[in-house]
Amino acid sequence: MAIHSALPRRALLFGLLLLFSVPGHTLAAGLAQEPPPVVAFQGATVNAQHNPHTGGQVNASINSTLLDFQLPGTQPGGLTSALAAPANCTACHVTHIVDHFAGSMMANSARDPLFRAALQVANQDAKFGGDPCIRCHAPNAWLNNRSAIAGDPASTDGRLINAEDLQGVACSTCHRLVPPTATAGEAAGDAAERAALTGPFMTGNAAYLVDRNDVRRGPFNIAAAPHAVAQSSYLQSAELCATCHDIDNPLLTFDAGAGEFKLNALNSPAGLNDHLFPIERTYSEWQLSTFGSSGVTGLDYPGLKHSTGTQSGPITICQDCHMPVISAPLVNGGPTRTVGQHQWAGGSATWQDGIVNVWQTVAADTSFNKTQTAANKTLGAEMLKRAAQLEVALVNGQVEVKITNNSGHKLPTGYAEGRRMWIEVYELKGSTPVFTSGLMSGVIGPLINDPYLKSYEIKLGLTDAHAQNIGRPEIAGEGFHFILNNKVFKDNRIPPRGFSNVAFATRDMQPVGGSYADGQYWDTTYYPLHPEADSISVRLMYQTASLEYLDFLASAADVTVADAVRGPTNWGQIIADLRGQTIGKPVVMAGAHLFIPRQFVATTGTDTGACTDSAQPCKTITYALSQAVDGGEIRVAAGLYPELIQVTKPVSLTGGFTLTNWVTPQWEANQTILDGQNAYRPLTINADRVKVDGFIIRNGNTTGGDRVGGGLYIGGVNLVDQATLINLRLENNVASNVDSGEGGGLAVAMGNTFQLSARLTLNNVTVISNTATTGNLSASGGGMSLQAVGTSPLIVEMTNVTVQDNIAGNDFSSTGGGIALNLNGGRATLRQSRIVDNQVARGKTFLGGPSRGGGIYVSNGDLNLVNVLLTGNTGERGEAIAVQSTGNAGATVAMNYVTLADNYRTSADAAAILHTDGLQVYLLLANALFSGNPVAFEARNNTQPTEVLVTSTLIDTNVGAVISGTVTITGTILRGAADYVNAPAGDYHLTATSAAIDQGNGLAPLIDLDGVSRPKGVTTDIGAYEFTPTTLTDQTITFNPLPDKMVNEPPFTINATASSGLPVSFAALTPSICTVSGNTVTLLTTGTCTIQAGQGGNANFNPAPPVAQSFAVKSAQKSDQTITFGQPTDKQLGELPFVLSASASSGLVVSFTSNTPGVCTVSGNTVTLIAVGLCSLTATQDGNALVNPATPVTRRFNVTTQGDSQGQKLYLPLVLR
């Protein structure tokens, strides 16, 4: 969704609030468009009048005519002189031109068995559907009326292609081309040729203009030749390549009202400026890249470049890569010229084995050159290796794989169907794999569907409405019916240099199912690093035709047709035979092998050697760092390490190991302590991409140094842009015992001078009892001081963080008792976190102005809080939160399920809960609960009013005034008693009398700060905690599995019961596949139908956890598949999210859903545990044009408790290990 920059910020935020107010909606769900209603076709026939293109039967061809495919340019029969055969060129032209052409895909374009099989499918799917295919692949046939027989729509299946036509895109095809518009340097007769035809003309779509006479054009001024010649610049332009490498489907035009491509009117050609559905966009990809504008230098492509005539010149046109220029004669005995080699190597060349296999024994095809065809395969493999760069590194304890596109178009590019590129990863212990991704089952497929599989491809298919409209509901979704496809379902291919989202969208080339920033021509993927792996092997693989595509062609083209050269031929069977011979093996585009550098440290070790043997560890972390290399990991055994540690390399530090267990750290049980001895800072990080995991950092003191970051300091402009902190406890650290200090526990100064965002991640971190200064001058960040430096914004992500009992300063103006943030236009997000009992100053300020932000102080940036408790924090301006807006755009503070309660030192000393000053500040509040202070919102010294936009927000009646200063509020604030369980003891859970109960808006996340599922009542409660009624009885639903159905079965009824005896309601979670009315299910199309049973409770019963059942809706015309889904083990609540793995026998991607979202949720293939109970997960695979949906497989496991610490005053997080 694009938001226009002129939209006032207030209007945008208010729009978001309106969205928040809809129960059960997430932001993403609100922005998604609802699919149009789908009307199921009953029975086997379709009303032919529904769309004039459809036939009278399901699976019938579209009633298209040759006029539907008509495009401008030279038409069949329009040549005065026939195209000369390539054999006529061999007598004069040098061997390297003749031989290279003879083995190229240009010469073999009409022989390609993939083309011939796809031609049969196109001809079956649309009457005369093969005509546009033949126009590109066999222009000699098309121009000589050997594409179609008038009145015979089946004749465009290639039956008329003769031996002469098999020479594909022959020499004279290109060398007689006329540019569609006047072009500088064009041949003298080009204007006359255009005038002889009816224009206007187009670039692409094989709408070629061919000289009527045999005047052969070239880039040189030839004085004498045995045939008519003309010099033309067109032969050295990318626009010539566009002729067959920028292709639309002339049957489909975009309908803005419907939001999709739809069939044109019957028996009418597409208009020149119609918005047609894209089939191939290689030329447009180049045109909108840096290659097409200014050119690119420094890439490994041989040959002289056309723009400069030098090897090092910029690559500016397609020919610079695909027709590398050499100095050589053009004809035998002729002068040396800069001649383009006629190789045209590319992604299709890897399929040359298939062409050789099919044509080497066909005697009637006298022009086929087996030797050169095989040689062209080698050229294609070399071209693919130049097209991509692969880099592997260890970053923050993960394997980072970066693929850079070094081509002038998307990678991969070209014809969409079957082409794919993917990453293959092996993590090895010795020679034994301990982790893999991207592996192939069999020689040519399918790819094994693992949770980390990264493949780059474009997938097309049909929308449900379009499939219904043409009478083919069974092929809705992704598929290979290219002449029917009207939707891009996926396109995550890597864009070229100079990529722009807006520009590419103008040609329907925007990424789908993936995202790339403007200017990004690479993709980065992260894989988990197995703790026992000692090396990593990564390869980038490519396949011209996937096994799935071969299976489709073998089935869909399984029909015997006439052939003028071969006789009766079954191209589907030929594909099946080639598949059986494993033709089309993947090729390696790039590869890298990385040994994993790893040091071991234990207090019993010795600081000698490299420390790479766990049996001979180092003694100190400092020595291990001296032996470490970039990307390495240092594993530290439990013990006390009183060191002054400085990290200057991108490494990972991991604690919690023992001498007998160097594989699985347990940081709480095996305490690994970095101790500053109250004299120095234990840990300093001056390197990018460092990860610290599993340490207690304590007793640091930087009074004698820079007085910044008593326990841990991360920073340096242009030194640190990324850092990750996991499983840490920072306690009893002091930045300064004298004057001002920053960051008692942690100080960060991250960023660069390139305006690139810096990023800090904290997960499961406790910052407790730290002090920024005990002196008299101002201080910042008693617990943490996080600052952006340079010109870059700082992005901070905190999850499960506790900041407690920290003090910023003494009695002088200070900021941020718990956390001080200066983000330089960045953003800080806190989730599932507690900010408790922090002080910005010990006493009231007498000098220097008031202190700000007892809990959190934020300057020059935005703050997002989700499931956060702020209580007991003290500060004169903003006891809980203080915001100073100094950026040009103002600042936004967004809250969702946040409790801000009793933030003051003494009731007589209390001030506002939330304070703002400076430029305009926007407060976006949803499900927020304020209590305990005399004022909720205070604004002072603001250049514009602070704007508060609220929904489902409660201010306790013990708050005297809602606002102080210039504050405007949009929305209705609720007033009432919060009624906590035991506020004096720090227990801010709700009691049954709380006015916050059932007043929320149902916004995600549907868990509270304790991880308890929401809602427990009619809707969610306001604040960080969800109230669980104790007087109501729980109930459960019994909803038995449903059997698979055939799509043409009539509506049927379903039943479920509730243990309460109350009636159960049903809802279809897949309304495009099936619908439910009452308890009657109606099937619409093939796919996985999921029905959910619910019971909302009443005055005596809690709502029942919903139960969902899924089943496959199949078609007799498709093959079946099965799912393999292992049984997950039982889990404890509090364990980290984990990844599911399942595979389908078809090789298609398996999806997962949770049937018990109150206990566990699924995002992609990652499961998050929400509450104690039985977690039920279902694996589904919806099938495609050839394969039925699989029977869903459900697995269940128990989620048990770790124990309950509720009610304690100390707010320490659960350990997520």
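The values are calculated or read from the model by the stated rules, or taken from the named source; none is laboratory data. Remember, it's a predicted structure, so these values are computed and weren't measured experimentally. Here Cβ is always computed from backbone atoms with ideal geometry, including for glycine, and neighbour counts include all displayed protein chains.
A few remarks follow.
- Taken together, the criteria place Leu1042 among residues that are at negative phi, in contact with a Ser or Thr (Cβ under 8 Å, 6 or more places away or on another chain) and not in a strand (DSSP E or B).
- Counting the residues of region 489-498 that are buried (at least 21 other Cβ atoms within 10 Å of the Cβ) and either closer than 27 Å to Leu462 by Cα or at pLDDT below 95 (or both) gives 4.
- Top-ranked residue in region 1072-1082 [being in a strand (DSSP E or B) and without any contact (Cβ under 8 Å) to a residue 40 or more places away in the chain; ranked as farthest from the chain's Cα centre (by Cα)]: Thr1080
- Only one entry in Asp613, Asp706 is at pLDDT below 95, of a type outside the set (A, V, I, L, M, F, W, C) and not assigned by TED's automatic domain parsing to the domain that holds Thr761, namely Asp613.
- Matching residues, region 734-752, being surrounded by fewer than 24 Cβ atoms within 10 Å (Cβ to Cβ) and either of a type in the set (Phe, Trp, Tyr) or over 28 Å from the mean Cα position of the chain (by Cα) (or both): Asn737, Val738, Asp739, Ser740
- Screening Ser1013 on (1) touching a residue at least 60 places away in the same chain (Cβ under 8 Å); (2) at positive phi; (3) not β-branched (Val, Ile, Thr) shows it passes everything except condition (2).
- The selection criterion, being in the same structural domain as Ala772 (by TED's automatic domain parsing), modelled with pLDDT under 95 and either of a type outside the set (Phe, Trp, Tyr) or buried (at least 24 other Cβ atoms within 10 Å of the Cβ) (or both), holds for Val717.
- Residue check, Leu1212 modelled with pLDDT under 85, out of contact with any Asp or Glu (no Cβ under 7 Å at 6 or more places or on another chain) and among the aliphatic types (A, V, I, L, M): yes
- Filter pass, Asp157 being crowded, with 24+ Cβ neighbours inside 10 Å and touching a residue at least 60 places away in the same chain (Cβ under 8 Å): yes
- Highlighted here are the strands (runs of 3 or more DSSP E) found entirely within region 922-1025 that include at least 3 residues which are not hydroxyl-bearing (Ser, Thr, Tyr): 935-942, 946-951, 953-956, 961-964, 973-976, 987-990.
- Selection count where residues are hydrophobic (A, V, I, L, M, F, W, C), crowded, with 19+ Cβ neighbours inside 10 Å and assigned to a strand (DSSP E or B), scope region 1167-1183: 5
- Residue in region 516-528 that is at pLDDT below 95, crowded, with 16+ Cβ neighbours inside 10 Å, more than 12 Å from Leu288 (Cβ to Cβ) and over 14 Å from the mean Cα position of the chain (by Cα) present: yes
- The sole residue among Ala505, Ala476, Ala467 that is of a type outside the set (Val, Ile, Thr), free of Cβ contacts under 8 Å to residues at least 24 places away in the same chain and either over 23 Å from Trp422 (Cα atoms) or surrounded by 24 or more Cβ atoms within 10 Å (Cβ to Cβ) (or both) is Ala505.
- Flag if Gly1164 is farther than 30 Å from Pro984 by Cα, surrounded by fewer than 18 Cβ atoms within 10 Å (Cβ to Cβ), at pLDDT below 85 and within 30 Å of the chain's Cα centre (by Cα): yes
- Among the residues of region 674-715, those identified as under 12 Å from Leu746 (Cβ atoms) and in contact (Cβ under 8 Å) with a residue 60 or more places away in the chain are Val708, Gly709, Gly710, Gly715.
- Region 272-301, residues that are more than 28 Å from Ala476 (Cβ to Cβ) and free of Cβ contacts under 8 Å to residues at least 60 places away in the same chain: Asn273, Gln287, Ser294, Gly295, Thr297, Gly298
- Scanning region 391-410 finds one or more residues that are in contact with a Leu (Cβ under 6 Å, 6 or more places away or on another chain), more than 30 Å from Val434 (Cα to Cα) and modelled with pLDDT of 95 or more.
- Within region 1083-1112, the set of residues being in a loop (DSSP other than H, G, I, E, B) and within 14 Å of Val1018 (Cα to Cα) comprises Gly1096, Gly1097, Asn1098, Ala1099, Asn1100, Asn1102, Pro1103.
Condition check ((1) within 30 Å of Asn933 (Cα to Cα); (2) within 38 Å of the chain's Cα centre (by Cα); (3) among the hydroxyl-bearing types (Ser, Thr, Tyr); (4) not assigned by TED's automatic domain parsing to the domain that holds Asn800) across all residues:
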| site | (1), (2), (3), (4) |
| --- | --- |
| Ala983 | yes, no, no, no |
| Leu1003 | yes, yes, no, yes |
| Leu1009 | yes, yes, no, yes |
| Thr1028 | yes, yes, yes, yes |
| Pro1043 | no, yes, no, yes |
| Ala1058 | no, no, no, yes |
| Ala1067 | no, yes, no, yes |
| Thr1070 | no, yes, yes, yes |
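- Test: residue in region 1090-1106 that is within 28 Å of the chain's Cα centre (by Cα) and either surrounded by fewer than 19 Cβ atoms within 10 Å (Cβ to Cβ) or not assigned by TED's automatic domain parsing to the domain that holds Glu474 (or both): yes
- Test: residue in region 28-48 that is outside the structural domain of Ala926 (by TED's automatic domain parsing) and either over 30 Å from Ala467 (Cβ atoms) or at pLDDT 50 or above (or both): no
- Selection count, region 658-673, where residues are touching a residue at least 40 places away in the same chain (Cβ under 8 Å) and of a type in the set (A, V, I, L, M, F, W, C): 4
- Note on region 95-202: enclosed helices (runs of 4 or more DSSP H) holding 2 or more residues that are at pLDDT below 95 and either in contact with an Asp or Glu (Cβ under 7 Å, 6 or more places away or on another chain) or farther than 18 Å from Gly218 by Cα (or both) are 95-103.
- Of the criteria (1) surrounded by fewer than 24 Cβ atoms within 10 Å (Cβ to Cβ); (2) not in a loop (DSSP other than H, G, I, E, B), which one Leu756 fails: (2)
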